[in-house]
Amino acid sequence: MQMQQIATMKVITERRATMLIYVVPVRFNLWVMLFTSCWVVYMLRVNISLNLIAMVPQVPHNTSSQSQCGPKDDIASNETLPHQDGAEVHASPIKVPGGASFNWTAEQQALILGSYFWCYPLTSLAGGMAAERWGPRYVVLVTSFVSAILTALSPLAAKLDYIALVIIRFFLGFAGGFIYPALHVLVARWAPPAEKGKFVSAMMGGTLGTVVTWSLTGPLMEKFGWASAFYVPGVLTLVWCGFWWYLVADTPSEHPRISESEKKYISEALGDKVNNSKGLPPFRKIVTSLPFLAMIILHYGNLWGLYFIMTVGPKFVSSVLGFELSAAGVISALPYLARLFLATIFGVVGDFILARKLMTTTFIRKFFCIFSHILPGILLVLLVYAGCSTALSVSLITMSMGFNGAATLTNLQNHQDLAPNYAGTLYGIANCVGSTAGFFTPMITAYFTSSENSFESWRPVFFLGASVYIVSAIFFIIFGTGNIQAWNFAPDDKDDKEERTNGDLKDLSNSKINNGDAKEIKETPLNVTT
């Protein structure tokens with residue numbers, strides 16, 4: 001009798017587990033892990049910006065240049081930190097236990113902040129190929145684990161010498177460069193074409209990670225000291241690695257807890273367009289592909305505009321309007337939160353359109369360039385004509401970055417269309433090229449505004465930023481495509497390639513699903529809300 005009860009309980013437990021899998025698709029778990037992975041990588045990237053304020057004595061400085069509109073003393077002070085990173089925080093000095101331990105110069109602090117990005121573009125270039133060869137699950141796991149250990153070692157390195165901390169940050173950037181391309185490989189292998197907007201919107205997790213990290217780091221340091229701002233993110237990342245190892249697999253067929261219906265749905269939706277390629281990508285065909293070039297230009301325009309708003313926007317509002325945007329935490333977070341929120345909305349809208357075949361993939365990619373690139377560019381032009389209205393300026397910056405959230409349907413997804421087998425490689429190349437925008441935007445701004453801070457001197461800066469946004473979109477609208485390219489398929493697939501591409505290119509939105517499977521497919525929707 002007891003054995004029978006045990007057997008009955010075992011059956012009930014298995015049924016409950018099966019029901020849980022049915023209710024919560026594995027794809028939803030994957031979406032959460034994609035979102036939090038971006039959160040984690042940005043948490044480890046940007047925490048140093050605020051930590052340095054507590055680690056180094058902050059000397060108040062007076063600026064001799066006056067803003068054209070005058071300081072907004074009733075809102076915020078006009079003091080700011082040197083801006084070294086597009087995602088860096090501007091904040092007032094804070095007093096923490098054990099703070100102000102190091103008398104590092106401004107140049108040494110800049111070296112610490114900038115060292116993260118010395119190798120980041122190069123490993124971003126290699127990250128996609130590494131994930132395609134060894135699997136995105138292992139690449140993200142290893143690099144995140146190493147990043148957590150390096151972050152936890154940062155206080156010890158700082159006490160040795162600032163050069164030791166520079167080395168730590170260098171290797172953090174080395175590891176961090178692998179993550180985003182690897183995540184795009186994972187999306188290519190898991191996301192059905194009609195759901196890619198949702199999955200790509202998960203890449204905006206870094207935006208929320210930045211805001212939350214800045215919000216929590218200050219109170220953490222005030223209570224436990226600046227070293228805790230390194231230890232806590234390191235430990236949280238190690239815990240996150242355990243969840244990643246348990247919940248994520250390279251492909252649906254390798255996942256131990258996925259239901260057969262969900263596995264079949266993904267397999268039917270992706271068809272034969274994605275394989276676990278172990279060979280080198282066809283670089284010659286990739287770099288000579290006009291659609292790929294159009295995608296790179298669109299991605300470059302997106303990153304130029306993004307870095308432009310992050311760096312030049314706050315500086316303009318501070319030096320010309322006399323209002324320190326980032327001195328107020330809520331206002332500082334608005335552009336980032338707007339981009340995260342609208343990216344999710346645009347992703348859902350795009351998936352809805354594609355699932356019902358209201359537009360082709362190519363038309364979606366080109367049409368939404370209006371929101372991701374053209375409208376943000378127009379808003380940048382309007383910003384310089386906003387006059388001394390602080391509220392209007394902040395609104396224009398917030399809307400410009402918010403509309404850029406539509407990039408989840410344009411440049412952030414187009415490489416998945418062109419070659420899902422090499423999505424990580426394509427994204428890595430585009431991100432490597434696009435990262436150079438972070439170097440150029442501050443230099444160009446300094447060139448035009450070195451003599452004075454006035455609307456007239458800033459207009460060329462905003463016109464140039466808007467032009468890059470808009471011209472890159474126009475180029476993509478003319479030459480870009482959302483169709484899969486023939487070089488996506490391996491050489492040994494040559495016999496089947498013509499059939500799969502219908503003699504030319506095949507739109508991913510036209511994935512065929514048997515009528516007999518329609519009911520089963522509808523039973524496993526992925527509903528993602530934030």
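Only helices (runs of 4 or more DSSP H) whose full extent lies in the range 210-297 are considered here, and the ones with at least 3 residues that are buried (at least 19 other Cβ atoms within 10 Å of the Cβ) are 228-247, 260-270. With the structure loaded, tell me whether residue 309 is at pLDDT below 90, buried (at least 16 other Cβ atoms within 10 Å of the Cβ) and assigned to a helix (DSSP H, G or I) or whether it fails that test. Yes, satisfied. For first residues located in the range 395-419 and closer than 21 Å to residue 128 by Cβ, partners that are modelled with pLDDT under 90 and among the polar types (S, T, N, Q) and lie 6+ apart or on another chain with Cβ distances below 6 Å form the pairs 408/201; 419/488. Restricting the first member to the range 154-180 and to residues that are open to solvent by 10 Å² or more (accessible area, probe 1.4 Å) and outside any helix (DSSP H, G or I), and the second to residues that are of a type outside the set (Phe, Trp, Tyr) and modelled with pLDDT under 95, the beta-carbon pairs closer than 8 Å and six or more apart or on different chains are 178/123; 178/124; 178/126; 178/127; 178/130; 178/131. Applying the criterion of being within 20 Å of residue 131 (Cα to Cα) and among the aliphatic types (A, V, I, L, M) to the residues of the range 189-203, the residue that is most open to solvent (accessible area, probe 1.4 Å) is 203. The residue that is surrounded by the fewest Cβ atoms within 10 Å (Cβ to Cβ), among those in the range 429-439 that are in a helix (DSSP H, G or I) and in contact (Cβ under 8 Å) with a residue 40 or more places away in the chain, is 433. Of all residues in the range 99-123, those that are of a type outside the set (Phe, Trp, Tyr), more than 29 Å from the chain's Cα centre (by Cα) and open to solvent by less than 40 Å² (accessible area, probe 1.4 Å) total 1. Within the set 426, 379, 392, 383, the sole residue that is part of a helix (DSSP H, G or I), touching a residue at least 24 places away in the same chain (Cβ under 8 Å) and either among the aromatic types (Phe, Trp, Tyr) or open to solvent by 10 Å² or more (accessible area, probe 1.4 Å) (or both) turns out to be 379.
The values are calculated or read from the model by the stated rules, or taken from the named source; none is laboratory data. Everything numeric in this text was worked out from a predicted model, so none of it was measured. Here the Cβ is made from the backbone with ideal geometry for all residues, glycine too, and neighbour counts use every protein chain on show. Surface areas here come from the heavy atoms of the whole protein model, side chains and all, with no ligands, DNA or RNA. Shrake-Rupley method; radii C 1.70, N 1.55, O 1.52, S 1.80 Å.
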